[in-house]
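Everything on this sheet refers to the single structure shown next.
Readers should treat all values here as calculations from the given coordinates under stated rules, not as data from a laboratory. Note that the structure is a prediction, hence the values are computed from the model and not measured. Quick reminder, even Gly has a Cβ in these numbers, built from the backbone with ideal geometry, and neighbours come from all protein chains shown.
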Amino acid sequence: MIKQIITIIIVIACYYNSFSQQENQDIRKGNREYKDENFSDAELNYREALESNPQNIKALYNLANSLYKQGRYDEAANILEGLAGMDLSDSQKADILHNLGNSNIGNQKIQEGIEAYKNSLRLRPEDMDTRHNLAYAMRLLQEQEQQQQNQDQQQDQDENENEDDQQPQPQDQEQEQNDQQQESQPKPDQISPQDAERILDAMNQQEQKIQEKIEREEKVRQPARPEREW
C-alpha cells in the first residue's frame, strides 16, 4: 500500500514537472522571438506557457510587453494592472508600474500614466528612467491642457465674431466716406529687392534656430526606456 502511494506521488510529481518544463520552454521561445522583434510570435509562445499555468507571473509580464510592442496598449495595461495587485517584491512591482505608465501614455491616458510612474517611484525612488518618463508625461499633460485652453479661447472668439456679424451694418454713405479716407492715406514705400533678400535671410536664420531648439527639446522629451524586461 505504501509503495503504491509513493508511486502515485512520483507520477504526480513527474506530471507537474513536465508541465513546468514545458511552460518554461515556451517562455524561453517567447523571449527569443521577442529579442528578434517578432512580437506576435512571442505573444503566441507566452500564451502557450499560460495554458500550462495561467498564474505564471513571468509569462503574464512578458505577454504584456509583447502586446505593448504591437501597440495594443489597452490589453497590456489590463494585464499589468492585474499584476500590480499581486503579492510581489517592490522591485517587480516597480517594473510593472513603470510599464503600466508607458502603456497608459501610449493610449493617450496621460493622467493615468503619471499616477503609475509616481507609484513606481514610491517603491523605487532612485529610478532615473521612471523619473525621466514622469517628467515627459507631465509635460505632455501641460501641452494637452494648453491646447484645450487655446481651443476654448478660439471658440469664444468665433462666438464673439458671429455676434458682431449680426450687428446692424453702417449706412452706405458712411461706408463710402470711409473708403475715400482710406484711399487718401499715403501708401507705404515699396521694399527694394536688396531689403527683401536681407529680410528673407534673417527669417531663414531664425527658422533654423527654432528648428534646432525643437530638435534639442525632442531629444529630452523622448521616454528613456519603452519597457522593463525580466
Rounded, prolate or oblate: which one fits the range 121-167, using the alpha carbon gyration tensor with axes a ≥ b ≥ c (rounded when a/c is under 1.5, else prolate when a/b beats b/c, else oblate)? prolate
Out of the range 61-134, which GluC sites (Glu not before Pro) are coil in DSSP terms and have no more than 12 other C-beta atoms within 10 Å? Glu126
